[in-house]
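Student: Just passing along the structure, written as structure tokens.
The values are calculated or read from the model by the stated rules, or taken from the named source; none is laboratory data. In this text, all values refer to a predicted model and were calculated from it rather than measured experimentally. Don't worry about glycine lacking a Cβ; one is built from the backbone with ideal geometry, like all the others, and counts go over all protein chains shown. Each accessible area value is taken on the protein alone, full model and side chains, heavy atoms only, with ligands, DNA and RNA left out. Shrake-Rupley method; radii C 1.70, N 1.55, O 1.52, S 1.80 Å.
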Amino acid sequence: MQRLTGLDATFLYMETPTNHMHVASTIVVDPSTVPGGYSFERVRALVENRLPLLPPFRRRLVEVPFGLHHPIWIEDPDFDLDYHIRRAALPAPGGKKELEEFAADVFGRPLDRSRPLWEMYLIEGLEHGHIGVVTKVHHSAIDGVSGAELTVNLLDLTPEPLIIPEPDPAWKPDRVPTDIEMVGYALNSLARTPVRAAKALRRTTEMALSLRRRNRQPNVSPPPALFSGPKTFLNTTITAHRRFAMTEVSLDDV
């Protein structure tokens, strides 16, 4: 078991039916030079082989009763890879517009908190024989660095994929703790909190005073007040629906 940090738990607490807190990506790959060709089964087998390098993919949340403390991660005893890797296809002509609409639909739906917080869609039917990969992972499970590490561990620098040996010791699922165990674990953690809370309060107060002194100095513009953004067509109430758009930029220009 591993308790979520305050920052990671915040991404759960901030989530609403219209404000999803997952991180998503859309990739287009050309499988024409893959030895043996592309198949959904081969990609699924590759992801399964890489699971030891992808720890968040097999962890699920367990909530603490009454919200006494942050949730914890456990190694999911009911992990089902086939739930997370899904096969899909685009309608003709399978171009940029169709892929954008598919990705937008995926991005606009929340992740199921009773399972590990990620989904991957392998999308066939793209023009030129290409394959799309749409992935989303909850922000409570990854940050920018760990998200980049997941991508690195899923991709190879050579046409032949690297086979990861079985880990030693082998992956072992956790037992789902009971509510009584979770409450006891939370109370034990909270008993050690006052000292840490006092230190954090002191640091926060010192930082606030420092910022106040800085903002009162001449030629310093204080930051804008909360909720003071200008009225624009972007600054409005949002829904759960999302739009996704892509463009191409020359690598030389970048």
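Student: If I model the chain as equal point scatterers sitting on the Cα atoms and use the Debye formula, what is log10 I(q)/I(0) at q = 0.07, 0.12 Å⁻¹?
Tutor: Reported log10 I(q)/I(0), two decimals: -0.36, -0.94.
Student: Follow-up question, since we're still on this one. Amide H to amide H under 5 Å from residue 22: which residues, 5+ apart in sequence or cross-chain, H placed 1.01 Å off N in plane?
Tutor: Here 139 satisfy the definition.
Student: Excluding ligands, DNA and RNA, what is the solvent-accessible area per residue of the chain at a probe of 1.4 Å, expressed in Å²?
Tutor: The answer is 66 Å² per residue.
Student: Would you please give the FRET efficiency between residue 149 and residue 206, computed as 1/(1 + (r/R0)^6) with r the Cβ-Cβ distance and R0 = 30 Å, to the nearest 0.05?
Tutor: So the FRET efficiency works out to roughly 0.35.
Student: Per q in 0.14, 0.25 Å⁻¹, report the Debye log10 I(q)/I(0) for segment 1-87, using one uniform scatterer on each alpha carbon and no solvent.
Tutor: -0.71, -1.36
Student: Which far-off residues, 5 or more places away or on another chain, put their amide H under 5 Å from the one on residue 3, with H placed in the peptide plane?
Tutor: Here 73 satisfy the definition.
Student: Please find the FRET efficiency linking residue 33 to residue 237, where r is the Cβ-Cβ separation and R0 is fixed at 41 Å, and quote it to the nearest 0.05. Before the final figure, lay out the partial values.
Tutor: Values: r = 47 Å, r/R0 = 1.15.
It comes to 0.30.
Student: Write down the Å³ per residue value for the convex hull defined by the alpha carbon atoms of segment 90-130.
Tutor: 67 Å³
Student: Using a Debye calculation, one point per C-alpha and no hydration shell, please list log10 I(q)/I(0) for segment 142-254 at q = 0.10, 0.24 Å⁻¹ in order.
Tutor: Rounded to two decimals, the profile gives -0.95, -1.32.
Student: With θ set to phi - 60°, apply the Karplus curve 6.51 cos²θ - 1.76 cosθ + 1.60 along segment 64-74 and write out the HN-Hα couplings as whole Hz, x wherever there is a Gly or Pro.
Tutor: 7, x, 6, x, 5, 7, 5, x, 10, 8, 10
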